[in-house]
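Here the structure comes first, spelled out in structure tokens, and everything after it is commentary.
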Amino acid sequence: MVQKLIQTQAQKQAQVQRLTQQQMLVVKLLEMPLTELEQSVTAELDDNPALESAGADDDTARDDIHEGGEDDGADDDFDAASEREERESALDDALAGIGMDDEMPEPVTPQAADSQSADYEEMTYGDTVSFYDRLKEQMVDVDLSPKQRDIMEYLIGSLDDDGLLRKDAGTLSDELAIYHNVDAGEQEIDDVLHTLQTFDPAGVGARDLRECLMLQIRRKPKSDMRSKMEEVIAKCYDEFMNKRWDKISAQLGYDAETADKVHAELLKLNPKPGSALGETEGRGARQITPDFIVDTADDGTVTFTVNGGNVPELYVSPSFASMVDTYRNSKGKMNRSEKEALLYAKEKVERARGFIDAVKQRQHTLYVTMKAIIDIQRRYFQDGDESDLRPMILKDVAEKTGLDISTVSRVSNMKYAQTRWGTFKLRHFFSDSVKTEGGEEMSTRRVKAALKDIIDKEDKAAPLSDDAIKGMMEAAGYPVARRTIAKYREQMGIPVARLRKR
């Protein structure tokens, strides 16, 4: 039997959810980092005459009146009157242009386009001095021979992003001879390295974390606390890294109060001194403006604020609001121009109110999201140890805040938090979980940190196999499968045992 395709029309009801214009504005502002929000607010203030701001200029004017006397007050009255005249003029121009929206805009001349491009090219973001250059600037303050200067420059160039020197003196000696034709012995390199370690920030040029901490401690004034800090790092470094303060107290004879004080002081040290200077190269680098400022007190109390930046307080223009009210309350019949004026003013007022509500909603959403992140990851914000990051995904924050997962995702993208341990993307605080062989959920960050620590400490002449690492991980309290170790090792860019052999 031959089948035929027949097209028919039919009516049916369907419930479809669409975002309103206001919801789209809220979503748009929520995705913006602080710098883009500031630009968006400025653009909206320029575009909408019904939107006004009470920014720093108003506060400055009030301060000048208080301190400067009557003349300043007269200037302020003059400025206020001028501003009112400008807004009235802008309103008149806008009303005069009603009905002319379909006119073609004036073309931009090539000369104007070139000038705009030139202005854009002049913009620079952030600091144009790199970490390497900052350390080289400090070389002028020390007495170095030409050969020592060459060695110093090579050492500075060999530092990693944390400001540490991960190469031994023998390797550096070979590289200097091969690449720069500089014949330098290991002792000469060590002498120059000790000079580098006196540069700022404290801890730069250290060969490992232990030396980095000791360099920072020795910069402190001599005191009983400094001696105790040195004692902990020198005699109980492994216990300190594993946070076994009960063993440290027993070995060094500290009471609980003394141990807590020493612990608090040690937590103030920076394990990554290179991050203190940052790394910016040239004019293409952008300065990061944190959206959140997280503060951790010495007693472990964690507080935070949402960075308002240069976003001023916004409000609806009283002249536009009163115009709308006047027309609404007029009982007489309005002519066409008055109706157009009412519609124009009403549109601008509603748009201004919607923009103000969207900015406030953005601030509230950012606040509750960051509060939930800190509540979940409080231990990390207290000590800065990545291994203390708990398993946390977008769903966990969404359930804690009552927000949608997509909203939490928008907040987490392109937002930064400044903490005591550095400035990080919000995504940094999220961590997947892995189930151990015992069924326990554990943060992947914690497992990777333990895996890296074991591989860093292995004998490079006889590297550990994945099976051997599995046994050591299990003994350290991380009973994960061998295939999990292999996967994480590959993700961290660590080769197999035979390729790690030296």
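Packing order of peptides 133-144, 338-349, highest average first: 338-349, 133-144 (average count of other Cβ atoms within 10 Å over each peptide's residues). Between I178 and A461, what FRET efficiency follows from the Cβ-Cβ distance if R0 is 30 Å, with the result rounded to 0.05? It comes out at approximately 0.80. Across region 374-497, C-alpha contacts under 8 Å between residues 6 or more apart give a mean separation that, scaled by the residue count, equals a relative contact order of 21 percent.
Based on alpha carbons, the Rg and Dmax found for region 343-399 are 18.5, 59 Å. Accessible area of Y132 (1.4 Å probe, protein heavy atoms only, ligands and nucleic acids ignored): about 80 Å². Can you list the residues of region 213-239 with backbone N under 17 Å from a point 7 Å past the Cα of A250, pointing along Cα to Cβ? Inside the label zone: 236-239.
For the set T369, T423, solvent exposure ranked by accessible area (probe 1.4 Å, protein chains only) runs largest to smallest as T423, T369. Along its principal axes, region 135-185 has C-alpha extents of 28, 27, 15 angstrom, given from the largest down. If R0 equals 51 Å, the separation of the Cβ atoms of R149 and A481 corresponds to a calculated FRET efficiency of about 0.45. Give me the one-decimal nm value for the distance between modelled label points at R219 and K452, 7 Å along each residue's Cα-to-Cβ direction. Spacing of the two 7 Å Cα→Cβ label points: 2.2 nm.
Take the Cα radius of gyration of region 209-265 and divide it by 2.2 N^0.38 Å, N being the number of residues; the result is 1.04.
Protein heavy-atom accessible surface, 1.4 Å probe, per residue over region 439-478: 52 Å². Computed over neighbours whose Cβ is under 10 Å from that of F240, the net charge equals +3, Lys and Arg +1, Asp and Glu -1.
Converting phi to 3J(HN,Hα) with the Karplus coefficients 6.51, -1.76 and 1.60 and the offset θ = phi - 60°, region 149-157 yields 5, 4, 5, 4, 4, 5, 5, 4, x Hz in sequence order, with x at every glycine or proline. The relative contact order of region 173-251 comes to 14 percent, based on Cα pairs under 8 Å that sit 6 or more residues apart. Looking at the calculated P(r) for region 358-493, what percent of the C-alpha pair distances fall above 27 Å? Every Cα pair in region 358-493 considered, those over 27 Å come to 32 percent.
The values are calculated or read from the model by the stated rules, or taken from the named source; none is laboratory data. Just so we're clear, the structure is a prediction, and the values are computed from it rather than from any experiment. Cβ coordinates were reconstructed from backbone atoms using ideal geometry, including for glycine residues, and neighbour counts include every protein chain displayed. SASA here: full protein model, heavy atoms, side chains in, ligands and nucleic acids out. Shrake-Rupley method; radii C 1.70, N 1.55, O 1.52, S 1.80 Å.
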